[in-house]
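Worksheet for the structure shown next.
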Amino acid sequence: MIKFDHVSFSYNKRSVLRDVSFLIDSSERVAILGGSGEGKTTILKLILGLLRPDSGSISIDGEDITGKTESELRDVRMKFSIVFQEGALFDSLNVKENVAFCLREYTNLSEEGIDRRVRELLRVVGVENAIDLMPDELSGGMHRRVAIARSLAAFEPAMFLYDEPTSGLDPVNADIICKLIADLSRDRRGFIIVTHKVYDAMRVADRFIFLKEGAVVLDGDKGMLKQATVPELSIFMSELNGNCEGEARCSK
Ligand SMILES: Nc1ncnc2c1ncn2[C@@H]1O[C@H](COP(=O)(O)OP(=O)(O)OP(=O)(O)O)[C@@H](O)[C@H]1O
Ligand SMILES: [Mg+2]
(Lines give C-alpha, C1' and ligand atoms only; values in the text may rest on other atoms or scores of the structure.)
(Ligands and ions follow the chains in the order given, each with its own letter.)
Protein backbone atom coordinates (compact mmCIF):
# COMPACT_ATOMS: atom_id res chain seq x y z
CA MET A 1 0.00 0.00 0.00
CA ILE A 2 1.40 3.37 -1.07
CA LYS A 3 -0.04 6.45 0.57
CA PHE A 4 0.76 10.00 -0.51
CA ASP A 5 -0.75 12.43 1.98
CA HIS A 6 -0.71 16.06 0.79
CA VAL A 7 2.76 15.68 -0.73
CA SER A 8 4.49 18.72 -2.19
CA PHE A 9 7.95 18.66 -3.73
CA SER A 10 10.25 21.15 -5.41
CA TYR A 11 13.67 21.00 -7.05
CA ASN A 12 15.76 23.99 -5.97
CA LYS A 13 12.66 25.93 -4.91
CA ARG A 14 10.96 25.21 -8.26
CA SER A 15 7.66 23.61 -7.33
CA VAL A 16 7.00 20.32 -9.16
CA LEU A 17 4.32 18.47 -7.13
CA ARG A 18 1.56 20.33 -5.31
CA ASP A 19 -0.52 18.74 -2.59
CA VAL A 20 -0.64 15.28 -4.16
CA SER A 21 -2.66 12.65 -2.30
CA PHE A 22 -3.53 9.09 -3.28
CA LEU A 23 -3.72 5.60 -1.86
CA ILE A 24 -2.59 2.73 -4.07
CA ASP A 25 -2.99 -0.90 -3.02
CA SER A 26 -0.11 -3.16 -4.03
CA SER A 27 -2.46 -5.30 -6.13
CA GLU A 28 -3.72 -2.35 -8.21
CA ARG A 29 -2.81 -1.69 -11.84
CA VAL A 30 -2.31 2.05 -12.01
CA ALA A 31 -1.19 4.41 -14.75
CA ILE A 32 0.18 7.84 -13.90
CA LEU A 33 -0.34 10.06 -16.91
CA GLY A 34 0.68 13.59 -17.72
CA GLY A 35 2.75 15.72 -20.03
CA SER A 36 6.50 15.98 -20.00
CA GLY A 37 7.87 17.58 -16.84
CA GLU A 38 4.65 17.15 -14.83
CA GLY A 39 6.46 15.20 -12.11
CA LYS A 40 5.70 11.56 -13.02
CA THR A 41 9.24 10.26 -12.56
CA THR A 42 9.54 12.40 -9.43
CA ILE A 43 6.60 10.48 -7.91
CA LEU A 44 8.39 7.15 -8.47
CA LYS A 45 11.56 8.53 -6.90
CA LEU A 46 9.56 9.72 -3.88
CA ILE A 47 7.99 6.24 -3.51
CA LEU A 48 11.48 4.72 -3.38
CA GLY A 49 12.74 7.34 -0.94
CA LEU A 50 15.28 8.60 -3.47
CA LEU A 51 13.76 12.04 -2.89
CA ARG A 52 12.01 13.43 0.18
CA PRO A 53 8.91 15.63 0.09
CA ASP A 54 9.03 19.26 1.21
CA SER A 55 5.75 18.73 3.03
CA GLY A 56 3.20 15.99 3.48
CA SER A 57 4.01 12.35 4.15
CA ILE A 58 4.55 9.13 2.21
CA SER A 59 3.79 5.75 3.77
CA ILE A 60 4.55 2.33 2.37
CA ASP A 61 2.59 -0.52 3.97
CA GLY A 62 1.58 1.79 6.81
CA GLU A 63 5.12 2.95 7.59
CA ASP A 64 6.03 6.59 7.12
CA ILE A 65 9.19 6.60 4.99
CA THR A 66 9.84 10.33 5.04
CA GLY A 67 12.17 10.20 8.05
CA LYS A 68 13.84 6.86 7.31
CA THR A 69 17.61 6.40 7.09
CA GLU A 70 19.28 5.04 3.94
CA SER A 71 19.65 1.57 5.46
CA GLU A 72 15.97 1.51 6.50
CA LEU A 73 15.00 2.63 3.00
CA ARG A 74 16.80 -0.39 1.57
CA ASP A 75 14.04 -2.61 2.97
CA VAL A 76 11.39 -0.34 1.46
CA ARG A 77 13.08 -0.45 -1.95
CA MET A 78 13.17 -4.27 -1.83
CA LYS A 79 9.37 -4.23 -2.07
CA PHE A 80 9.52 -2.75 -5.57
CA SER A 81 10.89 -3.75 -8.90
CA ILE A 82 11.69 -0.62 -10.88
CA VAL A 83 12.44 -0.15 -14.54
CA PHE A 84 13.72 3.40 -14.90
CA GLN A 85 12.90 5.63 -17.85
CA GLU A 86 16.40 5.31 -19.27
CA GLY A 87 16.12 1.51 -18.82
CA ALA A 88 19.89 1.72 -18.72
CA LEU A 89 21.89 -1.47 -18.99
CA PHE A 90 25.61 -1.46 -18.29
CA ASP A 91 27.18 -0.93 -21.73
CA SER A 92 30.31 -2.90 -20.97
CA LEU A 93 28.50 -6.01 -19.73
CA ASN A 94 26.69 -8.53 -21.88
CA VAL A 95 23.03 -9.43 -21.31
CA LYS A 96 23.85 -12.30 -18.97
CA GLU A 97 26.09 -10.16 -16.77
CA ASN A 98 23.59 -7.29 -16.75
CA VAL A 99 20.87 -9.57 -15.39
CA ALA A 100 23.31 -11.38 -13.09
CA PHE A 101 24.53 -8.12 -11.57
CA CYS A 102 21.94 -7.94 -8.76
CA LEU A 103 22.12 -11.69 -8.19
CA ARG A 104 25.84 -11.35 -7.50
CA GLU A 105 25.21 -8.31 -5.32
CA TYR A 106 22.28 -9.53 -3.23
CA THR A 107 22.30 -13.34 -3.23
CA ASN A 108 24.71 -16.14 -2.41
CA LEU A 109 23.85 -18.14 -5.52
CA SER A 110 26.59 -20.30 -7.03
CA GLU A 111 27.79 -19.60 -10.57
CA GLU A 112 25.57 -22.45 -11.76
CA GLY A 113 22.59 -21.05 -9.83
CA ILE A 114 23.15 -17.60 -11.32
CA ASP A 115 23.29 -19.03 -14.82
CA ARG A 116 20.05 -20.96 -14.26
CA ARG A 117 18.23 -17.93 -12.82
CA VAL A 118 19.42 -15.59 -15.60
CA ARG A 119 18.20 -18.03 -18.27
CA GLU A 120 14.87 -18.40 -16.47
CA LEU A 121 14.36 -14.63 -16.29
CA LEU A 122 15.34 -14.10 -19.92
CA ARG A 123 12.82 -16.81 -20.85
CA VAL A 124 10.09 -14.96 -18.90
CA VAL A 125 10.69 -11.80 -20.95
CA GLY A 126 11.23 -13.75 -24.18
CA VAL A 127 14.83 -12.87 -25.01
CA GLU A 128 16.73 -16.00 -23.93
CA ASN A 129 18.53 -16.07 -27.27
CA ALA A 130 20.13 -12.72 -26.51
CA ILE A 131 22.04 -13.97 -23.47
CA ASP A 132 25.51 -13.44 -24.98
CA LEU A 133 24.79 -10.17 -26.79
CA MET A 134 26.07 -6.76 -25.73
CA PRO A 135 23.52 -3.96 -25.05
CA ASP A 136 24.41 -2.10 -28.26
CA GLU A 137 23.50 -5.22 -30.26
CA LEU A 138 19.92 -5.22 -28.92
CA SER A 139 16.87 -3.58 -30.47
CA GLY A 140 15.00 -1.04 -28.34
CA GLY A 141 12.35 -3.60 -27.41
CA MET A 142 14.90 -6.26 -26.46
CA HIS A 143 16.82 -3.69 -24.44
CA ARG A 144 13.65 -2.86 -22.48
CA ARG A 145 12.88 -6.55 -21.91
CA VAL A 146 16.38 -7.23 -20.57
CA ALA A 147 15.95 -4.20 -18.25
CA ILE A 148 12.71 -5.76 -16.96
CA ALA A 149 14.44 -9.14 -16.47
CA ARG A 150 17.19 -7.39 -14.54
CA SER A 151 14.67 -5.62 -12.33
CA LEU A 152 13.16 -9.00 -11.43
CA ALA A 153 16.49 -10.68 -10.76
CA ALA A 154 17.32 -10.45 -7.10
CA PHE A 155 14.03 -10.79 -5.26
CA GLU A 156 10.29 -11.19 -5.61
CA PRO A 157 8.89 -7.65 -5.55
CA ALA A 158 5.46 -6.87 -4.11
CA MET A 159 4.85 -4.31 -6.84
CA PHE A 160 6.33 -3.18 -10.14
CA LEU A 161 7.16 0.39 -11.09
CA TYR A 162 7.66 1.14 -14.79
CA ASP A 163 8.79 4.54 -16.01
CA GLU A 164 7.81 5.04 -19.68
CA PRO A 165 8.38 1.36 -20.52
CA THR A 166 7.14 1.71 -24.10
CA SER A 167 8.59 5.07 -25.08
CA GLY A 168 10.60 5.00 -28.27
CA LEU A 169 9.30 1.55 -29.24
CA ASP A 170 7.45 0.63 -32.42
CA PRO A 171 3.85 -0.61 -31.91
CA VAL A 172 4.82 -4.29 -32.09
CA ASN A 173 7.47 -3.99 -29.40
CA ALA A 174 5.24 -1.69 -27.32
CA ASP A 175 2.61 -4.41 -27.51
CA ILE A 176 5.09 -7.07 -26.35
CA ILE A 177 6.08 -4.92 -23.35
CA CYS A 178 2.40 -4.25 -22.50
CA LYS A 179 1.69 -8.00 -22.57
CA LEU A 180 4.72 -8.65 -20.38
CA ILE A 181 3.56 -6.02 -17.88
CA ALA A 182 0.08 -7.58 -17.82
CA ASP A 183 1.51 -11.12 -17.45
CA LEU A 184 3.78 -10.15 -14.58
CA SER A 185 0.77 -8.80 -12.67
CA ARG A 186 -1.32 -11.98 -13.09
CA ASP A 187 -0.61 -13.15 -9.54
CA ARG A 188 -2.13 -9.96 -8.11
CA ARG A 189 1.18 -8.14 -7.89
CA GLY A 190 0.18 -4.73 -9.09
CA PHE A 191 2.13 -2.02 -10.84
CA ILE A 192 2.40 1.66 -11.46
CA ILE A 193 3.16 2.53 -15.05
CA VAL A 194 4.23 6.10 -15.69
CA THR A 195 3.61 7.10 -19.27
CA HIS A 196 2.36 9.73 -21.66
CA LYS A 197 1.09 7.02 -24.04
CA VAL A 198 -2.60 6.79 -23.17
CA TYR A 199 -3.26 3.81 -25.41
CA ASP A 200 -0.57 1.74 -23.74
CA ALA A 201 -1.84 2.80 -20.31
CA MET A 202 -5.39 1.78 -21.22
CA ARG A 203 -4.15 -1.54 -22.48
CA VAL A 204 -2.70 -2.57 -19.10
CA ALA A 205 -4.09 -0.41 -16.28
CA ASP A 206 -7.51 -0.03 -14.74
CA ARG A 207 -6.90 3.07 -12.62
CA PHE A 208 -5.62 6.33 -14.08
CA ILE A 209 -4.10 9.28 -12.27
CA PHE A 210 -3.63 12.35 -14.44
CA LEU A 211 -1.21 15.08 -13.38
CA LYS A 212 -1.47 18.66 -14.49
CA GLU A 213 0.80 21.40 -13.21
CA GLY A 214 2.00 19.03 -10.50
CA ALA A 215 -1.47 18.32 -9.11
CA VAL A 216 -3.79 15.32 -9.48
CA VAL A 217 -6.68 16.47 -11.66
CA LEU A 218 -8.19 13.03 -12.31
CA ASP A 219 -8.06 9.75 -10.43
CA GLY A 220 -10.46 7.16 -11.76
CA ASP A 221 -11.23 4.19 -13.98
CA LYS A 222 -11.28 3.85 -17.75
CA GLY A 223 -14.80 5.26 -18.02
CA MET A 224 -13.86 8.37 -16.07
CA LEU A 225 -10.75 8.80 -18.18
CA LYS A 226 -12.74 8.65 -21.42
CA GLN A 227 -15.33 11.15 -20.15
CA ALA A 228 -12.95 13.57 -18.44
CA THR A 229 -13.20 17.19 -19.45
CA VAL A 230 -9.73 18.35 -18.37
CA PRO A 231 -8.46 20.21 -21.50
CA GLU A 232 -4.93 18.71 -21.44
CA LEU A 233 -6.40 15.24 -21.00
CA SER A 234 -8.67 15.78 -23.98
CA ILE A 235 -5.56 16.37 -26.08
CA PHE A 236 -4.14 13.07 -24.83
CA MET A 237 -7.42 11.31 -25.58
CA SER A 238 -7.79 12.79 -29.05
CA GLU A 239 -4.37 11.38 -29.81
CA LEU A 240 -5.80 8.03 -28.76
CA ASN A 241 -8.92 8.39 -30.88
CA GLY A 242 -6.90 9.44 -33.88
CA ASN A 243 -4.73 6.38 -33.48
CA CYS A 244 -6.75 3.50 -34.94
CA GLU A 245 -4.12 0.99 -34.05
CA GLY A 246 -3.94 2.31 -30.50
CA GLU A 247 -7.72 2.16 -30.22
CA ALA A 248 -7.78 -1.42 -31.45
CA ARG A 249 -5.08 -2.37 -28.98
CA CYS A 250 -6.82 -0.84 -25.99
CA SER A 251 -10.26 -2.12 -26.75
CA LYS A 252 -8.96 -5.65 -26.17
N1 LIG B 1 17.39 16.56 -10.55
C2 LIG B 1 16.62 17.59 -10.93
N3 LIG B 1 16.99 18.85 -10.66
C4 LIG B 1 16.23 19.91 -11.01
N5 LIG B 1 15.05 19.79 -11.69
C6 LIG B 1 14.65 18.55 -12.01
C7 LIG B 1 15.41 17.38 -11.65
N8 LIG B 1 14.73 16.29 -12.10
C9 LIG B 1 13.62 16.74 -12.70
N10 LIG B 1 13.56 18.10 -12.64
C11 LIG B 1 12.47 18.94 -13.16
O12 LIG B 1 11.28 18.60 -12.46
C13 LIG B 1 10.17 18.55 -13.34
C14 LIG B 1 9.50 17.17 -13.23
O15 LIG B 1 10.43 16.20 -13.68
P16 LIG B 1 10.01 14.69 -13.91
O17 LIG B 1 11.22 14.00 -14.39
O18 LIG B 1 9.37 14.15 -12.68
O19 LIG B 1 8.92 14.85 -15.05
P20 LIG B 1 8.16 13.74 -15.90
O21 LIG B 1 6.70 13.96 -15.72
O22 LIG B 1 8.69 12.40 -15.55
O23 LIG B 1 8.56 14.14 -17.39
P24 LIG B 1 8.86 13.20 -18.69
O25 LIG B 1 7.52 12.79 -19.22
O26 LIG B 1 9.56 14.14 -19.63
O27 LIG B 1 9.71 12.07 -18.24
C28 LIG B 1 10.70 18.86 -14.72
O29 LIG B 1 10.43 20.19 -15.01
C30 LIG B 1 12.18 18.65 -14.61
O31 LIG B 1 12.88 19.52 -15.44
MG1 LIG C 1 9.78 11.01 -16.55
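The values are calculated or read from the model by the stated rules, or taken from the named source; none is laboratory data. This is a predicted model, so every value here is computed, not measured. Using ideal geometry, Cβ is built from the backbone for each residue, glycine included, and neighbour counts are taken over all protein chains shown.
Couple of notes before you dig in:
- Residues of the stretch 2-51 satisfying the condition of being in a loop (DSSP other than H, G, I, E, B), surrounded by 15 or more Cβ atoms within 10 Å (Cβ to Cβ) and more than 9 Å from ligand 1 (Cβ to nearest atom): Ser26, Glu28, Leu48, Gly49
- Identity of the residue in the stretch 11-45, touching a Lys or Arg at 6+ places or on another chain (Cβ under 9 Å) and among the polar types (S, T, N, Q), that ends up nearest to Asp64 (Cα to Cα): Ser21
- Filtering the stretch 178-202 to residues that are more than 16 Å from ligand 1 (Cβ to nearest atom) and surrounded by fewer than 23 Cβ atoms within 10 Å (Cβ to Cβ) leaves Lys179, Leu180, Ile181, Ala182, Asp183, Leu184, Ser185, Arg186, Asp187, Arg188, Arg189, Gly190.
- Count of residues meeting criterion [among the small types (Gly, Ala, Ser) and within 16 Å of ligand 1 (Cβ to nearest atom)] in the stretch 148-173: 2
- Residue match in the stretch 195-218 (condition: acidic (Asp, Glu), part of a loop (DSSP other than H, G, I, E, B), farther than 11 Å from Ala31 by Cβ and modelled with pLDDT of 90 or more): yes
Every residue, every condition in (1) more than 16 Å from ligand 2 (Cβ to nearest atom); (2) over 23 Å from Thr166 (Cα atoms); (3) modelled with pLDDT of 90 or more, yes or no:
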{"position": "Asp19", "(1), (2), (3)": "yes, yes, yes"}
{"position": "Leu48", "(1), (2), (3)": "no, no, yes"}
{"position": "Glu63", "(1), (2), (3)": "yes, yes, yes"}
{"position": "Phe80", "(1), (2), (3)": "yes, no, yes"}
{"position": "Val83", "(1), (2), (3)": "no, no, no"}
{"position": "Val95", "(1), (2), (3)": "yes, no, yes"}
{"position": "Leu103", "(1), (2), (3)": "yes, yes, no"}
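- Failed criterion for Phe90 (all others in (1) of a type outside the set (S, T, N, Q); (2) within 16 Å of ligand 1 (Cβ to nearest atom); (3) surrounded by fewer than 21 Cβ atoms within 10 Å (Cβ to Cβ); (4) at pLDDT below 95 hold): (2)
- Apart from one condition, Met224 fits all of (1) buried (at least 18 other Cβ atoms within 10 Å of the Cβ); (2) away from ligand 2 (no atom under 16 Å from the Cβ); (3) not in a loop (DSSP other than H, G, I, E, B); the exception is (1).
- The set of residues from the stretch 102-113 being surrounded by fewer than 17 Cβ atoms within 10 Å (Cβ to Cβ) and not polar (S, T, N, Q) comprises Cys102, Arg104, Glu105, Tyr106, Leu109, Glu111, Glu112, Gly113.
- Take the conditions (1) acidic (Asp, Glu); (2) surrounded by 16 or more Cβ atoms within 10 Å (Cβ to Cβ); (3) closer than 30 Å to Asp61 by Cβ; Glu156 misses just one of them, which is (2).
- Residue, modelled with the highest pLDDT, within the stretch 149-186, restricted to residues that are within 16 Å of ligand 2 (Cβ to nearest atom) and of a type in the set (Ser, Thr, Tyr): Tyr162
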